[in-house]
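Everything on this sheet refers to the single structure shown next.
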There are 4 protein chains.
Amino acid sequence: MELSGIIGYPITPFNADTQGVDLEKLGNVIDILLEANVNAIAALGSAGEAAYLSELEWQQVAEFTVQYVAGKVPVVIGIAELTTQQAIKYAQYAYEIGADVIMLSPFSYYKLSEEEIFAHYDAVSNATPLPIMVYNNPATCGVDMSPEFMLKMIDSIKNASMIKESSGDIQRMHKIHKLSAGKVPFYNGCNHLALEALNAGAQGWCTAAPCLIGDQPKQLFDAIKAGNNAQAKTLFYQQYEFLEYIVVSGLAASVKCGLEIKGHRVGGPRKPLLPLSSDAKNTLETLLSELG
Amino acid sequence: MELSGIIGYPITPFNADTQGVDLEKLGNVIDILLEANVNAIAALGSAGEAAYLSELEWQQVAEFTVQYVAGKVPVVIGIAELTTQQAIKYAQYAYEIGADVIMLSPFSYYKLSEEEIFAHYDAVSNATPLPIMVYNNPATCGVDMSPEFMLKMIDSIKNASMIKESSGDIQRMHKIHKLSAGKVPFYNGCNHLALEALNAGAQGWCTAAPCLIGDQPKQLFDAIKAGNNAQAKTLFYQQYEFLEYIVVSGLAASVKCGLEIKGHRVGGPRKPLLPLSSDAKNTLETLLSELG
Amino acid sequence: MELSGIIGYPITPFNADTQGVDLEKLGNVIDILLEANVNAIAALGSAGEAAYLSELEWQQVAEFTVQYVAGKVPVVIGIAELTTQQAIKYAQYAYEIGADVIMLSPFSYYKLSEEEIFAHYDAVSNATPLPIMVYNNPATCGVDMSPEFMLKMIDSIKNASMIKESSGDIQRMHKIHKLSAGKVPFYNGCNHLALEALNAGAQGWCTAAPCLIGDQPKQLFDAIKAGNNAQAKTLFYQQYEFLEYIVVSGLAASVKCGLEIKGHRVGGPRKPLLPLSSDAKNTLETLLSELG
Amino acid sequence: MELSGIIGYPITPFNADTQGVDLEKLGNVIDILLEANVNAIAALGSAGEAAYLSELEWQQVAEFTVQYVAGKVPVVIGIAELTTQQAIKYAQYAYEIGADVIMLSPFSYYKLSEEEIFAHYDAVSNATPLPIMVYNNPATCGVDMSPEFMLKMIDSIKNASMIKESSGDIQRMHKIHKLSAGKVPFYNGCNHLALEALNAGAQGWCTAAPCLIGDQPKQLFDAIKAGNNAQAKTLFYQQYEFLEYIVVSGLAASVKCGLEIKGHRVGGPRKPLLPLSSDAKNTLETLLSELG
């Protein structure tokens, strides 16, 4: 299982009345991603508000996604749990329902040491045969994993085989590429770093942007892979302000707002997360209208 | 309900075999704190590994603590939940079982805006009549609340009435004291800042240290309140290295290690947290032996 | 030579017409400090805009200060030069004119390594017999020296014998006190940390505040040394907003503005530094009027 | 005057005996750069240790460089002075000797406000007709200028017309490109960000690397401009570790060490800067041997 290209992240729609997960609407969002020609679907990431779901909801979203995608593209399942026991439970569940890849991040309350993170990944790896994407996102997870440490985990932990880098620092990608002699696939998780990441050797781009701007991220990916530099630069700068805006406004809230703008009633994020303010919604509307 | 003095934090013991919460041992730890003359007991804080407990375990610890303390001193219950709904549920439970104060922190995955934090606290305040201690601990919670913002919440939110400051920056306490004209009680949550915090006007010190060094924190508190400066300085520097060490080594892991050293079989922290290494245990043993 | 108490920092007045140093006005400022009962005078610190003076001006200020103070209190001369050669030249000059102490900081363009800083201090120490105050002020100097490193320099470099800590982090002072068993004198260089620093064992307070508020810093120092805790707290909070304001507004510009408010025509700071805006001047005027 | 391509930075050789500037050796270094096909020469930057030179030395280096280059390529003169008066003096001198561009940075002791920086640039602009490159290098200068602020200066200050960005954050370049609609030329000042900067639209790369690796930086620049993506990536990763190493080891010290390795007796950096340790020299030697 080696992922390449655009890995699309659905948000998790909530029912306006019950505030529960709305699986039918989730199906619509997955359809939007598939129509945008994504190369994989990653459920239960940051954009999917996984951290805010109950265990039952989490399982429903995971199972529904695998069944709905139905093998058209690989399905990645995000796991960001505070305890190793719960991460193992979720990983085993992901395996049972037929997911293809686990994306595992060291979400923390107490800052974890490298020894603790290593043991956490190792325990999850021993619990299922699924390949593990090591996911570094210090802004949400509270700990920052260096390229050297992540590569050490990939060397030593059976199923750990790829890296998603969301720190926003392109030098991390240089290090991963150089230290692994280009052999460890890595993926860009910082939307407004896409041009640099792909030029530096990222094998894919993990993004919720196709929920709102269709195959434009895919076009950018293709332009770079085709060596079409001028077009890549043009495409990137067209999307740049939008890509930055959905990150700084909070991915879940802004992508949900964008879907509402486009007529999909997916609801707002779960409290304490708030929907975009009306000013922010107006800005997003303008940015989206400029992108067709 | 106005807290003053030493607010003691029990760890949450786990059974070595089942890995479940060991309430009998929790009773022993509470006894240790009461013998150390603490002025209140605060369950389910960072030291209590609340973030790593299941809902059922959380409720058991909360209920047991209130019943075991049995009104000898006030009981504070910590709440650090990712969703507002869960925070409300826990707050109502704390009220039902007879707790005295809620200590509420804005634990976050997505970084919360001030508007989101305000709405979170307001919703919890509207759900119970219990007084709320606004708890700022950016290192564990992922967001940092300014003195100005916390005072605004205390002004505007019915039950929000006191502040626990754990950022480690003494200037925050200066601001709280000065901006509130000394009227909003605040508490020190950074062990190795105790001397400064109490001299700057903190009404109490939230600490798990009495689990290991008895009434020595209380002696320091009393010396400062008595205006006995030279003694306060001596007492503080006696405890200083120990106080810093349990913070930098992880409170839960190091206090549990210290209790084991003292013969209490309270188990290690929950994974992915690891027990102290044998080197760190030796250091702690030396520090404890110097403190009698 | 062991300094204790309040070490007063004069600003360097410039002539409104020529923009040159105005030594007569400097005499007036020194008088103000002596009337405020400072225990030492420190020329050519940050407040004295030493970094902005030509070599000739620097020498004039140094020589004038020593002659004008005339042994009433010790004179400290600040040295913050980019090259070791120039630092040595200034140190030798300070010795020749009869200064008592050199305050030496590692002002940097390239960030200096500990090895480079050590060699810099060692070279200056070998060039004169004057005692050296090791001065850590990362905000202006661009490098940050740890307590451990500064104590190592004091152990190993002949004339290095005391520390001025201006990082604003009280934990540094805890470390200095504890690691040196209270034997290395240290001084507070962060005005709004004065209460904490003195309670933690600082032997003195380096400050330009007496230029504007007379002996009130000295009263605070005396209250703490007398063990009069309640009075110390009251005095500190009276001065607190003023002390913070002159730091955040830029010491040289704000102290010069305050002197103008009080009727001393000392001019503004040297460009590119700008005088306080009229709004900031109004704020300072209010703060000063509250302090008598 | 619009610069494009590789802007080469000579170091400033010092005579091993006198420690003075060695102009003959400087000529050799300029020859090396010209042979490396640089598109411009920039004297008195960080690599040139300008901050450590006396006024006389600074003038000698500036004048010699202009005369020696003799119009073969444009000459940029770096100015990083603490006072506006001295910056003006140097700018006028640069104009008199026939330099083409001034590279001006806000080197600071007190952190400068935007108002102070603006006035500083404006005053220099009014003193000469030379075009000004606004140079942001927070690591050495102590202040950080945002893209928005630098563009405002370029809009409002007569001779300010281009930007050198050395913060290392590629997002700054995205902003400059986007906010100026691609009309304000910007240059990369962070060696190991070269691939990204040039792909993002940088018009040139300011670097001392050609002192050691000849026209390899130029080859990278040409590959990107030719849209030859695969070759650009290969060239970048060949140079990457070297480019990072000379930055983290200190540009002046490491480039001088590299020149010594290659047989040019240019001496070490000026104290307190130290030459590379023998371990670091060995590492550099290995990196250079890999680059031919």
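Here the stretch B:257-286 is the region considered, the condition is being buried (at least 20 other Cβ atoms within 10 Å of the Cβ) and farther than 24 Å from B:Ala139 by Cα, and the residue that is nearest to the other protein chains (Cβ to nearest Cβ) is B:Gly267. For the stretch C:235-256, a residue qualifies if it is open to solvent by less than 10 Å² (accessible area, probe 1.4 Å), of a type in the set (A, V, I, L, M, F, W, C) and more than 14 Å from chain D (Cβ to nearest Cβ), and the qualifying residues are C:Phe236, C:Phe242, C:Leu243. Scanning the stretch B:217-233 for residues that are surrounded by fewer than 22 Cβ atoms within 10 Å (Cβ to Cβ) and closer than 11 Å to B:Leu198 by Cβ returns B:Asp222, B:Ala223, B:Lys225.
Of A:Asn39, A:Asn15, A:Asn28, all but one fail to be closer than 19 Å to A:Ile132 by Cβ and surrounded by fewer than 24 Cβ atoms within 10 Å (Cβ to Cβ); the exception is A:Asn39. Identify the residue in the stretch A:192-203 that is facing chain D (nearest Cβ under 7 Å) and closer than 18 Å to A:Ala226 by Cα and, among all such residues, is surrounded by the most Cβ atoms within 10 Å (Cβ to Cβ). It comes out as A:Leu195.
Condition check ((1) farther than 21 Å from A:Leu288 by Cβ; (2) in contact (Cβ under 8 Å) with a residue 40 or more places away in the chain; (3) not aromatic (Phe, Trp, Tyr)) across all residues:
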{"site": "A:Leu179", "(1), (2), (3)": "yes, no, yes"}
{"site": "A:Ala197", "(1), (2), (3)": "yes, no, yes"}
{"site": "A:Cys206", "(1), (2), (3)": "no, yes, yes"}
{"site": "A:Phe221", "(1), (2), (3)": "no, yes, no"}
{"site": "A:Lys225", "(1), (2), (3)": "yes, no, yes"}
{"site": "A:Gly263", "(1), (2), (3)": "no, no, yes"}
{"site": "A:Pro272", "(1), (2), (3)": "yes, no, yes"}
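Each row is one residue, and each column tells you yes or no for (1) open to solvent by less than 40 Å² (accessible area, probe 1.4 Å); (2) in contact with a strand residue (DSSP E or B) (Cβ under 9 Å, 6 or more places away or on another chain); (3) within 24 Å of D:Ala252 (Cβ to Cβ); (4) at pLDDT below 95.
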site: C:Thr84; (1), (2), (3), (4): yes, no, yes, no
site: C:Gln92; (1), (2), (3), (4): no, no, no, no
site: C:Ile102; (1), (2), (3), (4): yes, yes, no, no
site: C:Phe118; (1), (2), (3), (4): no, no, yes, no
site: C:Thr128; (1), (2), (3), (4): yes, yes, no, no
site: C:Pro131; (1), (2), (3), (4): yes, yes, no, no
site: C:Val134; (1), (2), (3), (4): yes, yes, no, no
site: C:Asp144; (1), (2), (3), (4): no, yes, yes, no
site: C:Glu148; (1), (2), (3), (4): no, no, no, no
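Taking the criterion of being in contact with a strand residue (DSSP E or B) (Cβ under 9 Å, 6 or more places away or on another chain) and under 21 Å from D:Ile102 (Cα atoms), the residues of the stretch D:1-28 that qualify are D:Met1, D:Glu2, D:Leu3, D:Ser4, D:Gly5, D:Ile6, D:Ile7, D:Gly8, D:Tyr9, D:Pro10, D:Thr12, D:Leu26.
Note on the stretch C:146-167: among residues that are assigned to a strand (DSSP E or B) and not polar (S, T, N, Q), the one that is farthest from the other protein chains (Cβ to nearest Cβ) is C:Met162.
The residues of the stretch A:195-210 that are under 16 Å from A:Val75 (Cα atoms) and either among the hydrophobic types (A, V, I, L, M, F, W, C) or at pLDDT below 95 (or both), listed by number, are A:Trp205, A:Cys206, A:Ala208. The number of residues in the stretch D:180-191 being touching a Ser or Thr at 6+ places or on another chain (Cβ under 7 Å) and more than 11 Å from chain A (Cβ to nearest Cβ) comes to 2. If only residues of the stretch C:66-119 that are outside any helix (DSSP H, G or I) and of a type in the set (Lys, Arg) are counted, the one that is farthest from the other protein chains (Cβ to nearest Cβ) is C:Lys72.
Looking at A:Ala80, A:Ala42, A:Ala16, A:Ala50, just one residue is touching a Ser or Thr at 6+ places or on another chain (Cβ under 6 Å) and among the aliphatic types (A, V, I, L, M), and that residue is A:Ala80.
Confirm whether D:Gly71 is small (Gly, Ala, Ser) and within 26 Å of D:Ile246 (Cβ to Cβ). No, not satisfied. Before we move on, is B:Val143 in contact (Cβ under 8 Å) with a residue 12 or more places away in the chain and away from every other protein chain (no Cβ under 14 Å)? The answer is no for B:Val143. For the stretch B:168-178, the criterion of a residue being within 11 Å of chain C (Cβ to nearest Cβ), in contact with a Cys (Cβ under 8 Å, 6 or more places away or on another chain) and closer than 24 Å to B:Glu241 by Cα is satisfied by at least one position. The condition of being under 25 Å from A:Asp31 (Cβ atoms), touching a Gly at 6+ places or on another chain (Cβ under 9 Å) and assigned to a loop (DSSP other than H, G, I, E, B) holds for A:Gly48.
The single condition among (1) in contact (Cβ under 8 Å) with a residue 60 or more places away in the chain; (2) open to solvent by less than 10 Å² (accessible area, probe 1.4 Å); (3) within 14 Å of chain B (Cβ to nearest Cβ); (4) within 15 Å of the chain's Cα centre (by Cα) that A:Tyr52 does not satisfy is (4). If you go through the stretch B:177-191 and keep only what is over 14 Å from the mean Cα position of the chain (by Cα) and crowded, with 24+ Cβ neighbours inside 10 Å, you end up with nothing. On inspection, D:Leu151 fails the criterion of being touching a Gly at 6+ places or on another chain (Cβ under 9 Å), touching a residue at least 12 places away in the same chain (Cβ under 8 Å) and hydrophobic (A, V, I, L, M, F, W, C). Answer with yes or no whether B:Met133 is more than 10 Å from chain A (Cβ to nearest Cβ), touching a residue at least 40 places away in the same chain (Cβ under 8 Å), outside any loop (DSSP other than H, G, I, E, B) and out of contact with any His (no Cβ under 7 Å at 6 or more places or on another chain). Yes, satisfied. For the stretch A:246-270, filtering for residues that are more than 17 Å from the chain's Cα centre (by Cα) and part of a helix (DSSP H, G or I) leaves 5.
Results for (1) over 18 Å from the mean Cα position of the chain (by Cα); (2) within 26 Å of A:Glu49 (Cα to Cα); (3) among the small types (Gly, Ala, Ser), shown as yes or no for each residue.
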position: A:Ala197; (1), (2), (3): no, yes, yes
position: A:Ala200; (1), (2), (3): yes, no, yes
position: A:Gly204; (1), (2), (3): no, yes, yes
position: A:Lys225; (1), (2), (3): yes, no, no
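The values are calculated or read from the model by the stated rules, or taken from the named source; none is laboratory data. Just so it is clear, the model here is predicted, and its values are computed rather than measured. For neighbour counting, all protein chains shown are included, and Cβ atoms are generated from backbone atoms with ideal geometry for every residue, glycine included. Calculation scope for accessible area: heavy atoms of the full protein, side chains included, ligands and nucleic acids excluded. Shrake-Rupley method; radii C 1.70, N 1.55, O 1.52, S 1.80 Å.
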